[in-house]
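Right, one structure below, let's go through it.
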Amino acid sequence: MSDLLAKLNPPQLQAVTLPTVHALILAGAGSGKTRVLTTRIAWLISTGQVGPHGVLAVTFTNKAAKEMTARLSSLVPINVRGMWIGTFHGLCNRLLRAHYREAGLPQSFQILDSADQLAMVKRLLKNLNIDDEKYPPRELCHFINAHKEQGIRAAQAEVYDHYTQKRVDIYAEYEAQCNREGVCDFAELLLRCYELLQRNEPLRTHYQQRFRHILVDEFQDTNRLQYVWLQLLAGGGAKVFAVGDDDQSIYRFRGAEVGNMREFERDYCGDNIIRLEQNYRSHGNILAAANAIIKNNRDRLGKNLWTDAGEGEPIRAFEAWSDLDEARFVVEEIRELVRDGLPPTQIAILYRSNAQSRVLEHELFTNSVPYKVYGGLRFFERQEIKHALAYLRLLGNPDDDTAFLRVVNFPTRGIGARSLENLQAAAHQTNSSLYNAAASLSGKAGQTVGAFIRLIETLRSETDKLPLPEIIEHVIEKSGLAQHYRLEKEGQERLENLDELINAAATFVDDDGVVMSVEGEGGALASFLAHASLESGEHQAGEGQEAVQLMSVHAAKGLEFDVVFITGLEQGLFPHDNAVNEGQDGLEEERRLMYVAVTRARQRLYLACAQTRMLHGQTRYCAPSAFLEEIPEALLLKLNKRVAATRAGQESYGGGYGGGQSGYAAATEAGGLRVGQSVEHAKFGLGVIVATEGRGDDARVQVNFGGGTGMKWLALEYAKLTPV
């Protein structure tokens, strides 16, 4: 027993050895919550307070459940295979399999994943002859799941108007279809399990008497139905040991209710709240910044992270001129860190929106730095980007059958599989492309495919003389892609990625439309498509290869790295406009997200923002994130401050991992010109310099010429600007 408890600090020891009571363990980031949870189970079993069969341990991911099981097997000499340790959905599935008759399910009932559920909803809409544009299938899936996660069946759903009534009717038809087929979606597993226990008293009593100790991990991520499910099982006198961190509740969009922790405190644990505040991950300055940020949230249960590892390095803050300048700074710092001996796998770049990865990926690719996008796809591999590129490929080459098949029925145009089979057969017979073979189709297939051909011809005609960014913007809008994703409940992120594709085009050509990134014949569009293909196929590191990690802040939860870059710290981006528009609750969730991001760093943390960022092909002027203002000045090393003169007109920033100069230099002056200076251009007239980047032959300035000309990036080697 002494070996079991030897490595615990006093609050951990207090939590593990609590008597048989309800308890809430507020476990801060990096405070050893998994150790406490598994050691608590081992201690209860080792002291004879409960047998292995009397423990129910619940977590949110299969990975966490496997880790918990592995740790437990190393702590106590028992067979843990039969213990009830798993995710909410996994445990509910296990219970329903054991009592399928009582649950009204076939013995071999199947589970629908999200793709299966979407396919069923689409099939249902078709059978009911319901317009899937007015009632988008993905939005209906969200509607159904959100109601189930609140414990609401179609018969109990509130109806506010005719549109809601129709969605409730579809929900009811969906329920009936699932019952006919004997299948359950993920939300149904939990709801049906809850309903079974609620109505079947003998079964409920059996499990209430069996599970005397219920332990829950990541309690801050529970939704309403999960909470009442736990209440139901604990109704026979079982004690609940809930471990969580209200400051890391960042999944409200998935239904998580941070208020469950406050409700649990009120309903169950009273004074049995233990705070795990000693952090074993991060240095002191990083934790001080995290504490300073999160203290601005209301209604926290409250804790203050600390460490005995020392203050460590100051937090490095960098304000770039542009998102491209920000990416260049990040990549140059990474190259310096790696040169100083830091493994690339210990470096993470975090961003609030997945669309931000495009500029970062481009700079990593350009500098031959291997990287991995954790928990997601590279920019040019994302579904919506591949759709847009397929339309663009057809403009340049209508004989591209792969591009044709990708978008001929996306967004849906009523072109079925049979029509495409006939089209492919006709193309084979005439040895022609699908595009050219379309003329041979007759009937309804001829009409629908013909309408698609006319769309491509119209797009080609309308974009013939347009600049590259406007070509892409026009195609995204007129093809129906933009409207398709506007109607999707989760389509905002895809729209942001499509906007970023326009931004990529805007930075791909110079002010006169000349391609800057890839040389080749065929014009800007052909070169841009070649560039996209090259970037999608290179520098995503292979399995086992050391690589820098790119990820959204949401994907970073639960991970840790020696060095972390948090990028895009600007108002409207982080905190995100969409969340801020929801009011105080939205802003506080964004602040919790920032807290999670900061606490991913062990030794060094970079905070980066940009004064300008491309949005929908246009330059947007940005204000620094309010979260930056919440960090005490004493914790920050501002890298924009002049620290060492290098050569005329340049400043040196930052420091390498070993403490030396990073070598990154940014110009506040270029070619004798400075930000704020008035200049004259032979073609564009009078303007004011608002930003500079690069040096020597690569020096560029951004000039605001006002009027109809607006902002222009100009290469000083060719622009011939005259100071005024």
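The values are calculated or read from the model by the stated rules, or taken from the named source; none is laboratory data. Since we're looking at a predicted model, the values are computed, not measured. Cβ sites come from the backbone with ideal geometry, for glycine too, and all protein chains shown count toward neighbours. Ligands, DNA and RNA are stripped out before the accessible areas are found, and what is left, the full protein with its side chains, is counted by its heavy atoms. Shrake-Rupley method; radii C 1.70, N 1.55, O 1.52, S 1.80 Å.
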Within the set of pairs 6 or more residues apart or between chains, which connect a residue that is under 11 Å from HIS283 (Cα atoms) inside the stretch 296-314 to a residue that is assigned to a loop (DSSP other than H, G, I, E, B) and acidic (Asp, Glu) with Cβ atoms less than 8 Å apart? LEU305/GLU277; TRP306/GLU277
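Does VAL675 satisfy being at negative phi, at pLDDT below 75 and β-branched (Val, Ile, Thr)?
yes
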Kindly state which helices (runs of 4 or more DSSP H) lie completely within the stretch 205-315 and contain at least 1 residues that are modelled with pLDDT of 95 or more, within 25 Å of the chain's Cα centre (by Cα) and small (Gly, Ala, Ser). 284-294
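What about ARG358, is it open to solvent by 50 Å² or more (accessible area, probe 1.4 Å) and either within 15 Å of LEU550 (Cα to Cα) or more than 25 Å from the chain's Cα centre (by Cα) (or both)?
Working: open to solvent by 50 Å² or more (accessible area, probe 1.4 Å): no; either within 15 Å of LEU550 (Cα to Cα) or more than 25 Å from the chain's Cα centre (by Cα) (or both): yes.
Here the answer is no, as ARG358 does not meet what is asked.
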Among helices (runs of 4 or more DSSP H) entirely within the stretch 420-500, at least 2 residues that are open to solvent by 40 Å² or more (accessible area, probe 1.4 Å) and under 28 Å from PHE380 (Cα atoms) occur in 443-462, 468-478, 481-486
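Against the condition closer than 28 Å to LEU225 by Cα, among the aliphatic types (A, V, I, L, M) and modelled with pLDDT under 90, how does ALA57 come out, does it pass?
Working: closer than 28 Å to LEU225 by Cα: yes; among the aliphatic types (A, V, I, L, M): yes; modelled with pLDDT under 90: no.
For ALA57, the condition - closer than 28 Å to LEU225 by Cα, among the aliphatic types (A, V, I, L, M) and modelled with pLDDT under 90 - is not met.
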All but one of (1) open to solvent by less than 40 Å² (accessible area, probe 1.4 Å); (2) farther than 20 Å from ARG300 by Cα hold for GLN231; which doesn't? (1)
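Please enumerate the residues belonging to the stretch 361-393 that are among the aromatic types (Phe, Trp, Tyr), under 27 Å from ARG328 (Cβ atoms) and open to solvent by less than 20 Å² (accessible area, probe 1.4 Å). Walk me through it before giving the result.
Just the residues of the stretch 361-393 that are among the aromatic types (Phe, Trp, Tyr), to begin with: 365, 371, 374, 379-380, 391.
With under 27 Å from ARG328 (Cβ atoms) added as a condition, the list becomes 365, 371, 374, 379-380.
Once the filter is applied, which keeps residues that are among the aromatic types (Phe, Trp, Tyr), under 27 Å from ARG328 (Cβ atoms) and open to solvent by less than 20 Å² (accessible area, probe 1.4 Å), the stretch 361-393 yields TYR371, PHE379, PHE380.
With the requirement that a residue be part of a helix (DSSP H, G or I) and surrounded by 15 or more Cβ atoms within 10 Å (Cβ to Cβ), what does the stretch 120-141 give you?
Our first condition is that a residue be part of a helix (DSSP H, G or I); within the stretch 120-141, this holds for 120-127, 137-141.
Listed by number, the residues that qualify are MET120, VAL121, LYS122, LEU124, LEU125, PRO137, ARG138, GLU139, LEU140, CYS141.
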When both residues are 6+ apart or on different chains and their Cβ atoms are under 7 Å apart, which pairs have a first residue that lies in the stretch 94-105 and is in a helix (DSSP H, G or I), and a second that is surrounded by 13 or more Cβ atoms within 10 Å (Cβ to Cβ) and small (Gly, Ala, Ser)? LEU96/ALA103
Does the stretch 110-118 contain at least one residue that is of a type outside the set (Lys, Arg) and on the phi > 0 side of the Ramachandran plot? no
Of the conditions (1) at pLDDT 95 or above; (2) in contact with a Lys or Arg (Cβ under 9 Å, 6 or more places away or on another chain), the single one that ALA29 does not satisfy is (1)
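Condition (residue is open to solvent by 10 Å² or more (accessible area, probe 1.4 Å), of a type in the set (Val, Ile, Thr) and out of contact with any helix residue (DSSP H, G or I) (no Cβ under 8 Å at 6 or more places or on another chain)) applied to the stretch 16-30: is it met by at least one residue? Break it down into steps so the answer makes sense when it comes.
Filtering the stretch 16-30 down to residues open to solvent by 10 Å² or more (accessible area, probe 1.4 Å) leaves 17-22, 30.
Of the ones still in play, those that are also of a type in the set (Val, Ile, Thr) are 17, 20-21.
Cutting the leftovers down to out of contact with any helix residue (DSSP H, G or I) (no Cβ under 8 Å at 6 or more places or on another chain) gives us 20.
Yes.
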Candidate set from the stretch 494-513 (those that are modelled with pLDDT under 85 and among the acidic types (Asp, Glu)); member that is nearest to LYS386 (Cα to Cα): ASP510
Mind listing whichever residues of the stretch 427-474 are touching a residue at least 40 places away in the same chain (Cβ under 8 Å) and not charged (D, E, K, R)? TYR435, VAL449, PHE452, ILE456, LEU459, THR463, PRO467, LEU468, PRO469, ILE471, ILE472
Hey, ARG40 hits all of (1) in contact with a helix residue (DSSP H, G or I) (Cβ under 9 Å, 6 or more places away or on another chain); (2) at pLDDT below 95 but one; which does it fall short on? (2)
In the stretch 392-404, is there at least one residue being in a loop (DSSP other than H, G, I, E, B), touching a residue at least 24 places away in the same chain (Cβ under 8 Å) and aliphatic (A, V, I, L, M)? no
So is LEU189 touching a residue at least 40 places away in the same chain (Cβ under 8 Å) and in a helix (DSSP H, G or I) or not? yes
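Tell me, yes or no, whether the stretch 595-615 has at least one residue that is open to solvent by 40 Å² or more (accessible area, probe 1.4 Å), closer than 21 Å to ARG358 by Cβ and not in a strand (DSSP E or B). It would help to see each step written out before you state the result.
Of the residues in the stretch 595-615, the ones open to solvent by 40 Å² or more (accessible area, probe 1.4 Å) are 602-603, 611, 615.
If we keep only those that are closer than 21 Å to ARG358 by Cβ too, we end up with 611, 615.
Subset that is not in a strand (DSSP E or B): none.
Scanning the stretch 595-615, I find no residue that is open to solvent by 40 Å² or more (accessible area, probe 1.4 Å), closer than 21 Å to ARG358 by Cβ and not in a strand (DSSP E or B), so the answer is no.
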Within the group GLN156, GLN220, which residue is in contact with an Asp or Glu (Cβ under 6 Å, 6 or more places away or on another chain) and either open to solvent by less than 10 Å² (accessible area, probe 1.4 Å) or farther than 27 Å from ARG591 by Cβ (or both)? GLN220
For the stretch 64-76, does any single residue satisfy the condition of being in contact with a Phe, Trp or Tyr (Cβ under 9 Å, 6 or more places away or on another chain) and over 19 Å from LEU4 (Cβ atoms)? no
Here are the criteria: (1) open to solvent by less than 40 Å² (accessible area, probe 1.4 Å); (2) more than 28 Å from the chain's Cα centre (by Cα). Tell me which single one GLY396 does not satisfy. (1)
(1) modelled with pLDDT under 90; (2) within 20 Å of the chain's Cα centre (by Cα); (3) open to solvent by less than 50 Å² (accessible area, probe 1.4 Å): which one isn't true of LEU573, the others all being true? (1)
Restricting to the stretch 31-66, what's the tally of residues that are more than 36 Å from the chain's Cα centre (by Cα) and open to solvent by 10 Å² or more (accessible area, probe 1.4 Å)? 10
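Just for the stretch 1-51: of the residues that are part of a helix (DSSP H, G or I) and among the small types (Gly, Ala, Ser), which one is farthest from THR307 (Cα to Cα)? Don't jump to the end; show me each part of the working.
First, pick out the residues of the stretch 1-51 that are part of a helix (DSSP H, G or I): 2-5, 10-16, 33-46.
The next check asks that each one be among the small types (Gly, Ala, Ser); those that pass are 2, 15, 42, 46.
On the way: SER2: 25, ALA15: 19, ALA42: 27, SER46: 31 Å.
Selected residue: SER46.
If I ask for residues that are charged (D, E, K, R) and open to solvent by 50 Å² or more (accessible area, probe 1.4 Å), which ones from the stretch 159-195 would you list?
Within the stretch 159-195, ASP161, LYS166, ASP169, GLU173, ARG180, GLU181 qualify.
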Looking only at the stretch 619-633, how many residues end up being in contact (Cβ under 8 Å) with a residue 60 or more places away in the chain, more than 23 Å from the chain's Cα centre (by Cα) and assigned to a strand (DSSP E or B)? 1
Can you run down the residue pairs with Cβ atoms below 9 Å, 6 or more apart or on separate chains, where the first is in the stretch 582-602 and free of Cβ contacts under 8 Å to residues at least 12 places away in the same chain and the partner is of a type in the set (Val, Ile, Thr)? GLY586/VAL580
Subset tally (residues that are surrounded by 24 or more Cβ atoms within 10 Å (Cβ to Cβ) and in a strand (DSSP E or B)) for the stretch 576-594: 0
